[in-house]
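Heads up: the structure comes next, in structure tokens.
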Amino acid sequence: MGESRSVGSWRELGRHSGTVLVLAGGVLVGAVNIYLAASLLPTAVADIGGGRLYAWNMTVFLTAQVVATMLVSRTLARRGNIGSYLIGFGVFAVGSVVCAVSPTMPVLLVGRGAQGLGAGLLTGLGLALIYSALPRQLWLRGSALISAMFGLGNFVGPTLGGLFAQFGSWRPAFVVLAVVSGVMAAFVPRALPSSGRAAAGAVPVPLGSLMPVIGSAGAVSVAGILSNEVMMAVFIALALALVIAFVVTEKRSRVRVLPRPTYQAGSALRWVYLTIVFLAAGVAVETFLPLFGQRLGGLPPVAAGFFGAALSLGWSLSQVASSSARRQRTVRRLRVAGPGLLAAGFAVLALLQRSDAPLPLVIAWLPVLLLAGTGIGVAMPHLSVAAMSSTSNKEEGEKAAAAVATVLTMSTAFGAAVAGLLVNLGGPSTLTSARYLLLGFTAVSALGVLTALRANHLTGLSEVRRGTGTETEVRQTVGDSR
């Protein structure tokens, strides 16, 4: 018992093609937008000015995105599947139009905030509806596809952004995003299964949880744009303090963002979420890889950009093989191996950094980055499914799935701030900055190994209590965790 699980095929997932297209498309639109906008902003500033507000584009977007992911459960309860997706695509499209017609930077920031709200809602909905709109045996395939969209967005976004920026056409890029969102919205009513709608006001807004998270997201975003190491550290500390305040508030509140099992003794869910944190934070390294490729490896900007996307490419490609795992023992090992591979990749890459590195050495970075990205890919869908499977209660399960998006978004923001701090600490030497960054995230990723082991141990014990696992399997799990 408990040795294997039913994993549907990709062909079976294809029978739900309409639903899958909407879920994956919503996540991809938001993921592409992050990096596309980053590529376009220098051109936009040259056109409309507002250089002193440049960095706030990402701050406003990320903060709005985090807030929106926390409102997914409430939106679903009040508007249902179709209504929620129409709101998500609609808000994102309106924000994109505002960006496209912005005459000044403050107006552009308003558009970026609306984009963040739409993207956050679409990301959370994509994960939540895997739970409610797909059969249980397809959760893993669906999670793998959604996870791949994050990696694909990281790869496609800079490419498209660079293409539009090359011709100075930053406004049409936002128009394209709006049009794509509109097309997806028109497709929603025919693609998604309808769901009931709760009475208005049935699901309160978790204001007590929202406020510290908004503050934390803002603090960590500000930390990521500061050049003074001391002030950056102060804002990161403030962000961590606000996260602690969020946890304390959640434990005491009747209206929560995270599902109830997160705070129950003996639950594996908190360790699952922490493992996702340590995996997702590592993606921040991508931001600086093109810089290292140009300054240390002498690569032209276009080639250096592909090095930056190699981590995401490895993440996306590894989903297919990982999602075929059926045996529970294999799944547990993949959840541990993921952060282990990511940590090993960063450690090896740190050793390969050289000033004026010869081309063969620089080329050797590519397979190492692909291996590191594979670490995210082999573990992330299994972690998402572990969150969804943490409770038999439908409402709490849906909340657990949606919370994965909140955790991912917050982790990305924290990772960016920490990456900026490490690079600044290593300055002015690019080589020292590269080593600080890579070795620092080696340590962060290694923490994910420890949290994954703890999650595996508690999951095994929980399965025995529910009668879905054997004592022998638990002994194996405990042995693995040692």
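The values are calculated or read from the model by the stated rules, or taken from the named source; none is laboratory data. A quick note: this is a predicted structure, and the numbers were derived from the prediction, not measured. Positions of Cβ are generated from backbone atoms using ideal geometry, with glycine treated the same way; all protein chains shown enter the neighbour counts. Surface areas here come from the heavy atoms of the whole protein model, side chains and all, with no ligands, DNA or RNA. Shrake-Rupley method; radii C 1.70, N 1.55, O 1.52, S 1.80 Å.
Tell me the relative contact order for the chain as a rounded percent, counting alpha carbon contacts under 8 Å between residues six or more apart. Reported as a whole number, the value is 22 percent. Treating r as the C-beta distance of VAL255 and SER392 and R0 as 25 Å, the FRET efficiency rounds to 0.75.
Compared with the direct C-alpha span, the chain from VAL110 to ALA38 gains 24.3 nm at full extension, assuming 0.36 nm per residue. Annotation for GLN264 and ARG52: the two label points, set 7 Å from Cα along the Cα-Cβ direction, are 5.3 nm apart.
For the pair ALA233 and ARG326, the difference between a 0.36 nm per residue extended length and the Cα-Cα distance amounts to 29.2 nm.
P(r) tail, the stretch 138-256: Cα-Cα pairs separated by more than 16 Å, 79% of all pairs. For the peptides 304-311, 59-66, the ranking by packing is 59-66, 304-311, with the highest mean count of neighbouring Cβ atoms within 10 Å listed first.
Across the stretch 278-288, coupling constants 3J(HN,Hα) worked out from phi with the 6.51/-1.76/1.60 Karplus curve, θ = phi - 60°, read 6, 6, 5, 4, x, 4, 4, 4, 3, 4, 9 Hz, and Gly and Pro carry x. Packing order of peptides 249-258, 428-437, 281-290, highest average first: 281-290, 428-437, 249-258 (average count of other Cβ atoms within 10 Å over each peptide's residues).
Between the entries (i) 61, 51, 45; (ii) 60, 58, 46; (iii) 88, 54, 40, the label attached to Cα extents along the principal axes in Å calculated for this structure is (i). Each label point was placed 7 Å from the Cα along the Cα-to-Cβ direction; for GLN137 and VAL248 their separation is 4.9 nm.
Dividing the Cα radius of gyration of the stretch 332-448 by its Kirkwood radius returns 1.08 for Rg/Rh.
If the chain linking LEU163 and LEU359 were pulled fully straight, counting 0.36 nm for each residue of separation and taking away their Cα-Cα distance, it would gain 68.0 nm. Accessible surface for the chain, divided over its residues, is 39 Å² per residue with a 1.4 Å probe. Derived from the Cα gyration tensor, the three semi-axes of the equivalent ellipsoid of the stretch 216-355 are 32, 26, 12 Å, largest first. Considered as an equivalent ellipsoid built on the Cα gyration tensor, the stretch 25-147 has semi-axes of 30, 14, 10 Å, the largest given first. Note on ARG11 and VAL183: with the Förster distance fixed at 41 Å, the Cβ-Cβ geometry gives a FRET efficiency of about 0.95.
In order along the stretch 207-212, the Karplus-derived 3J(HN,Hα) couplings, from 6.51 cos²θ - 1.76 cosθ + 1.60 at θ = phi - 60°, round to 4, x, 8, 5, 4, x Hz, and Gly and Pro are given as x. Across the stretch 260-265, computed HN-Hα scalar couplings (Karplus, 6.51 cos²θ - 1.76 cosθ + 1.60, θ = phi - 60°) run 3, x, 4, 9, 8, 4 Hz from first to last residue, x flagging Gly and Pro.
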